[in-house]
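Below is one structure, written out as structure tokens; the observations come after it.
Nothing in this text is a laboratory measurement; each read-out follows from the coordinates by a stated rule. Bear in mind that the values here come from a model prediction, so they are computed numbers and not experimental data. Glycine also receives a Cβ, built like all others from the backbone with ideal geometry; neighbour counts cover every protein chain displayed.
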């Protein structure tokens, strides 16, 4: 029997934050990995068509700490994770000023881990009305109260679930379903685990694949929800209510490095891609009675998304494609796998879509604004915003963009004057 453990080491600032927060309606924001619709698209409007030579106006900037976790936003508050030495921290910040509202820290020693690109944390939290669920790079999964960071419950995924791991650390972001929180763990009978949000009780375990670095997504096939889990060796559809595996499809890579998030569209097409010789493929999923029919439409080793995000617009998927050399923005026809064009303006990057434009942050810290179609890309603006490794996907709420690298976090205004 697995033991839930209460965490210690929370740091509270003396704020009347909890009383202010209580009872407020939650406005649309960026509540989990992938944003409001889990596909890195937002309904934001009013973005400027270009930027001044000095770049988009900076609202605030501050040091943070090591980590790649994306930034959540809701009700004027930011949430993310970072590391200081052998401790990992969850932090809430004022969205207007960057001021710390509360922090919660816990021990996360890195002995025995190979963190050649930084110790993380890598995963992005998930936000419910009352709680924040976080996954640390060494396998600590926890729930804290979102109003003040007070610890609620936690697990060590290796010790309590006998989970599998990858040497660069745990990276899969949790996902909420009903009254449960679901996270990949890895291993026979426990590839994915669902826990009650309220107290961490185990609801179900399912699947047999080892863990990867990818995050799961919820989709709908034939009117029923499925969880798509991209594991070390295969893509799987799982019933999010029971953990029953509904279907699997192989997707092997060198070293089991499946990192990017599957991209689902309501026409029944699932785009999946990896670097490390994994390539890209599109699966058509259709309901067949109580079963799901899986048909591979195409596979191409010319479309290899490493860690970045893919955006589908119409019949085209756009993403940075490449392993360790150049990784140009690439446009691929979703139905055939035909490469339509490549653009080498930016280094390897992640994308967010809003107001008819792509917002791009490349690993060199260059921010870009583009229009794209099946004929090519038009760069509307670009500006260097960081001078060190920048692997975290941007977060956009309204016209405000939140960014971080391994050292800083900042807020920019992208709206029209």
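Taking 22 Å as R0, compute the FRET efficiency from the Cβ-Cβ separation of residue 99 and residue 387 and round it to 0.05. It comes out at approximately 0.35. Spin-label model, residue 199/residue 277: points 7 Å from Cα along the beta carbon direction are separated by 5.0 nm. In the stretch 196-335, the convex hull through the Cα atoms has an average projected area of 8.8 nm², a quarter of its surface area. Taking every alpha-carbon pair within the stretch 66-215, the share separated by more than 28 Å comes to 14 percent.
Under a 10 Å cutoff between Cα atoms, tell me which one of 65, 98, 112 has the largest fluctuation in the Gaussian network model of the chain. Looking only at 65, 98, 112, the largest GNM fluctuation is found for 112.
What ranking do 88, 220 get, fewest neighbouring Cβ atoms within 10 angstrom at the top?
By the 10 Å Cβ count, ascending, the order reads 220, 88.
Treating each Cα of the stretch 76-128 as one equal point scatterer and applying the Debye formula with no solvent, the log10 of I(q)/I(0) at q = 0.30 Å⁻¹ comes out as -1.21. Result for the chain in a Gaussian network model with C-alpha springs under 10 Å: among 122, 335, 349, the largest mean-square fluctuation is at 335. Which residue, 362, 179, 343, tops the fluctuation ranking in a GNM of the chain built on C-alpha contacts under 10 Å? Its mean-square fluctuation being the largest, the pick is 179.
Binning the C-alpha pair distances of the stretch 269-380 at 5 Å intervals from 0 yields a P(r) profile of 2, 12, 23, 23, 18, 11, 6, 3, 2, 1 %, listed from the shortest bin outward. Normalised by 2.2 N^0.38 Å, where N is the number of residues, the alpha-carbon radius of gyration of the chain equals 0.93.
In plain terms, the bigger the Kirkwood radius, the slower the diffusion; for the stretch 180-273, with that radius from Cα pairs, at 4 °C and 1.567 mPa s, Stokes-Einstein puts D at 98 µm²/s. Sorting the segments 307-316, 371-380 by their mean number of nearby beta carbons within 10 angstrom, highest to lowest, gives 307-316, 371-380.
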